[in-house]
Amino acid sequence: MALLDEIDRKLLALLQEDDRVPVVELGKAIGVAPSTLNDRIRRLVKQGIITGFHAQLSAEKLGLDLLAYVFVGWSEPATEKLFLARIAAAPEVLECHHVTGAWNYLMKVRLKTTRDLESFFSNVVKDVPGLQRTETLIVLSSPKDTHVLQVPPRR
């Protein structure tokens, strides 16, 4: 990991909280000149520590009320390439993680209804040759849901 000083840590924390705060305000909050912060932000982007700036949307306001986690499994290695290609093109899949244990992958999917989930399984997941099993967990509520990462302290 790149060396982050205390100013970088404060900057990253503030940007995660709200990336639309003007650099002048960030500078006042951190005690650094705006031009210095611009240079730091560019450096953090170049180092790959900041990977982008995005609007965070409300799934519920968009009618995407169904959040589900789907485990998928197979035993033939050739299935993986087909599966990854299929889900890469599926906008319902928000995340896909290669996991340990009895399953090959875990997906986070967002849809409108259980009928949409059924269609997703039929048209995207179960249509993958070699896929043997799935297990789906439907989220009832999310007492904590954050995108904010803890910036490790300097060693």
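Tallying residues that are surrounded by 13 or more Cβ atoms within 10 Å (Cβ to Cβ), under 21 Å from residue 102 (Cβ atoms) and not acidic (Asp, Glu) within the stretch 62-85 yields 11. What are the residues in the stretch 108-147 that are within 28 Å of residue 55 (Cα to Cα), of a type in the set (A, V, I, L, M, F, W, C), without any contact (Cβ under 8 Å) to a residue 60 or more places away in the chain and surrounded by 11 or more Cβ atoms within 10 Å (Cβ to Cβ), if any? Answer for the stretch 108-147, where residues must be within 28 Å of residue 55 (Cα to Cα), of a type in the set (A, V, I, L, M, F, W, C), without any contact (Cβ under 8 Å) to a residue 60 or more places away in the chain and surrounded by 11 or more Cβ atoms within 10 Å (Cβ to Cβ): 109, 111, 117, 120, 124. Restricting to the stretch 46-61, name every residue that is under 16 Å from residue 108 (Cβ atoms), without any contact (Cβ under 8 Å) to a residue 40 or more places away in the chain and of a type in the set (A, V, I, L, M, F, W, C). Scanning the stretch 46-61 gives a single hit, 57.
No lab work stands behind these numbers, since they all come straight from the coordinates. Computed from a predicted model, the values in this text were never measured in an experiment. Note: ideal-geometry Cβ built from the backbone for every residue, glycine included; neighbour counts use all protein chains shown.
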